[in-house]
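**Student:** One structure is given below, represented as structure tokens, and several questions about it will come after.
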Amino acid sequence: MSTTIERDSRTVGHTDNSIFIDADIDHVWRMTNDLPSWPDLFTEYSEVEILMQHGPTFRFRLKMRPDESGRVWSWVSERTLDEAAYEVVARRLEPGPFEFMNIRWTYVPEGRGTRMRWVQDFRMRPEAPIDTEGMRQRIDTNTKIQMAVIRDKVEAAARRPEPEPEPQPESAS
């Protein structure tokens, strides 16, 4: 579900997407919140640099793969994990063309798997090359693509057998 909402006569973009992942919630949580692995998990990110960690809060720089014109986009975000509630709240600290960008990830057990949901609220700057509605459409389309890629990778990892423990040498007694 995606909408563009008028607030105070200023448009706020809103997207709300979820996907079922056939894997245990703890496995999904671990894989999707392992920031250094994001370039392998997402198709759009080339690099993640952790700038600061304070408890469950991470400040990090995300670098995207080059766009069709060869430009590499980068920004700093902050992400706070609440593992007990299976919820993440994130926001861009360097919003770039956005006036603001806030994201909430939630994870809910569903049958034998997990429902992962991303809710994004944002507004584009008036001078941005795309308006809020245009960006809402881009984000909504790309979120569905990224979620499907992540689902496939998380499910594949969940199906892999755990490595057998190395046999311990017998001690000489």
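**Student:** What number, rounded to the nearest 500 deg cm²/dmol, is the helix-based mean residue ellipticity at 222 nm of the chain, given -39500 (n - 2.57) per DSSP H run of at least four residues and division by all its residues?
**Tutor:** Details: 3 runs with 40 residues, N = 173.
It comes out at -7500 deg cm²/dmol, rounded to the nearest 500.
**Student:** Report the extension gain between E83 and V119 in nm, rounded to one decimal, defined as 0.36 nm multiplied by the number of residues separating them, less their alpha carbon distance.
**Tutor:** The E83-V119 span can extend by a further 11.2 nm.
**Student:** Would you please name the trypsin sites (Lys or Arg not before Pro) within the stretch 55-120 that are DSSP coil residues with at most 16 other C-beta atoms within 10 Å of their C-beta?
**Tutor:** R71, R112
**Student:** Enumerate the amide H contacts of W73 below 5 Å, restricted to partners 5 or more residues apart or on another chain; note that Pro and chain-start residues carry no placed amide H.
**Tutor:** Under 5 Å from the amide H of W73: M64, D67.
**Student:** For each of W73, W29, count neighbouring Cβ atoms within 10 Å of the residue's Cβ, then give the residues from fewest to most.
**Tutor:** W73, W29
**Student:** Sticking with this one: Return the sequence-ordered ³J(HN,Hα) values of the stretch 67-82 in whole Hz as given by the Karplus equation 6.51 cos²θ - 1.76 cosθ + 1.60 applied to θ = phi - 60°, using x for Gly and Pro.
**Tutor:** Once rounded to whole Hz, the list reads 7, 4, 9, x, 7, 9, 8, 8, 7, 9, 10, 10, 9, 10, 9, 10.
**Student:** Taking the beta-carbon count within 10 Å as an exposure proxy, list K153, K144 from fewest neighbours to most.
**Tutor:** Numbers: K153 17, K144 13.
Lowest to highest Cβ neighbour count: K144, K153.
**Student:** On to the next question. For the stretch 50-65, just list the computed ³J(HN,Hα) in residue order, Karplus coefficients 6.51, -1.76 and 1.60, θ = phi - 60°, integers in Hz, with x standing in for Gly and Pro.
**Tutor:** Running phi through 6.51 cos²θ - 1.76 cosθ + 1.60 with θ = phi - 60° gives 6, 8, 6, 9, 10, x, x, 9, 10, 10, 8, 9, 9, 10, 8, 5 Hz.
**Student:** Which distance in Å, rounded to a whole number, links the C-alpha centroids of the stretch 89-141 and the stretch 20-38?
**Tutor:** Centre-to-centre (Cα) distance: 19 Å.
**Student:** Pop out the ³J(HN,Hα) list for the stretch 34-45 in order, Karplus 6.51 cos²θ - 1.76 cosθ + 1.60 with θ = phi - 60°, rounded to Hz; leave Gly and Pro as x.
**Tutor:** Coupling constants for the stretch 34-45: 8, 3, x, 8, 4, x, 8, 8, 9, 7, 9, 9 Hz.
**Student:** Quote the Stokes-Einstein diffusion coefficient, in whole µm² s⁻¹, for the chain, based on the Kirkwood radius over alpha carbon pairs, a temperature of 20 °C and a viscosity of 1.002 mPa s.
**Tutor:** Stokes-Einstein gives a translational diffusion coefficient of 120 µm²/s.
**Student:** Next question. Just to confirm the filter: which GluC sites (Glu not before Pro) across the stretch 57-137 are DSSP coil and have at most 15 other Cβ within 10 angstrom of their Cβ? Walk me through the intermediate numbers first.
**Tutor:** On the way: sites: E68, E78, E83, E87, E99, E110, E127, E133; in loops: E68, E83, E127.
The qualifying sites are E68, E83, E127.
**Student:** Return Y107, Y86, Y45 ranked ascending by Cβ neighbour count within 10 Å, so the fewest neighbours appear first. Show your work: numbers first, answer last.
**Tutor:** Numbers: Y107 22, Y86 19, Y45 16.
Fewest-to-most Cβ neighbours within 10 Å comes out as Y45, Y86, Y107.
**Student:** Mind listing the long-range amide H neighbours of F98? Cut-off is under 5 Å, sequence gap 5 or more, other chains count too, H placed in the peptide plane at 1.01 Å from N.
**Tutor:** Sorted by chain and number, the residues that satisfy this are R125.
Taken together, the values in this text are just the output of simple stated rules run on the coordinates, not laboratory data. Just so you know, these numbers come straight off a predicted model, no measurement behind them. Backbone-built Cβ (ideal geometry, glycine too); neighbour counts: all protein chains shown.
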